[in-house]
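The values are calculated or read from the model by the stated rules, or taken from the named source; none is laboratory data. Since we're looking at a predicted model, the values are computed, not measured. FYI the Cβ positions are ideal-geometry reconstructions off the backbone, even for glycines, and counts take in every protein chain you see. Just so you know, the surface numbers come from the protein's heavy atoms only, side chains and all, with ligands and any DNA or RNA stripped out. Shrake-Rupley method; radii C 1.70, N 1.55, O 1.52, S 1.80 Å.
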Amino acid sequence: MNSTYLNSLKSKSEIHIEMVCLGNICRSPLAEGILRSKLSDKFFIDSAGTGGWHAGELPDKRSIEIAKRKGLDITNQRARKFTIKDFSKFDLIYAMDNSNLKDILQLAPNENAKRKVHLILNEIYPNENKDVPDPYYGLNDGFEKVYNMLDEACNAIAKKITT
């Protein structure tokens, strides 16, 4: 994200940030909860999925469990589908992986909307375009690994937008 855009965000009374994965039940709810825990009420954090088949559902029980072990409660979240309207609602949109990034960018109505979209791990691995792996079909320790990746990326995001 360029410094001019970052500076314009810092002057806003409220900044809206969205985390996006595939189904909005594993990675993006964790990212939403983690980032929310690091920022003040000036920031509105939400999440969505590029697919809508889990709409209305709670996060995956394994995401809820790892968040709880880390002191976060994400049980108030419900999955929803990312829509073109999200480009007007959010200042920053973070994709969890390259596939979701591509899907989001295909919906972007213009270049300004595209500039809002970023790959989350580029916050800690600039320009490496690394994916946050989807832990859904893996073992439970995948959720811990994903949590740790997202925690580090969210630390970098929080620092960038508050200093």
Roughly how many debye, to the nearest 20, is the charge dipole of the chain about its Cα centre, given +1 on each Lys and Arg Cβ, -1 on each Asp and Glu Cβ, and no other charges? 360 debye
Under 5 Å between amide H atoms, partner at least 5 residues away or on a different chain: which partners does His16 have, H built in plane at 1.01 Å? Phe44, Asp91, Leu92
Antiparallel DSSP bridges in the chain: what percent, to the nearest 5? 0 percent
Quick one: which residues, 5+ away or cross-chain, put their amide H under 5 Å from the amide H of His118? H built at 1.01 Å from N. Ile93, Tyr94, Ala95
Have a look at the chain and give its Rg and Dmax from the Cα atoms, expressed in angstrom. 14.5, 43
Could you give the length gained by full extension between Ala55 and Lys89, i.e. 0.36 nm per residue of separation minus their alpha carbon distance, to one decimal place? 10.4 nm
How much solvent-accessible surface does Ser88 expose, in Å² to the nearest 10, with a 1.4 Å probe and all protein chains in place? 100 Å²
In nm, give the distance between the simple-model label positions of Lys145 and Lys160, each being 7 Å from the Cα along the Cα-to-Cβ direction. 2.4 nm
Ratio to report: Rg/Rh of the range 74-151, with Cα atoms as the point set and Rh obtained by the Kirkwood method; give two decimals. 0.99
In whole Hz, what ³J(HN,Hα) sequence does the range 112-117 give by Karplus (6.51, -1.76, 1.60; θ = phi - 60°), x for Gly and Pro? 4, 5, 4, 5, 7, 9
Label-point separation, Glu152 to Lys42 (7 Å along Cα→Cβ), nm: 2.7 nm
Checked the range 42-98 against the a/c 1.5 cut and the a/b vs b/c comparison, axes a ≥ b ≥ c from its Cα gyration tensor; verdict prolate
If the chain between Asn129 and Gln106 were fully extended at 0.36 nm per residue, the gain over the current Cα-Cα distance would be 6.5 nm
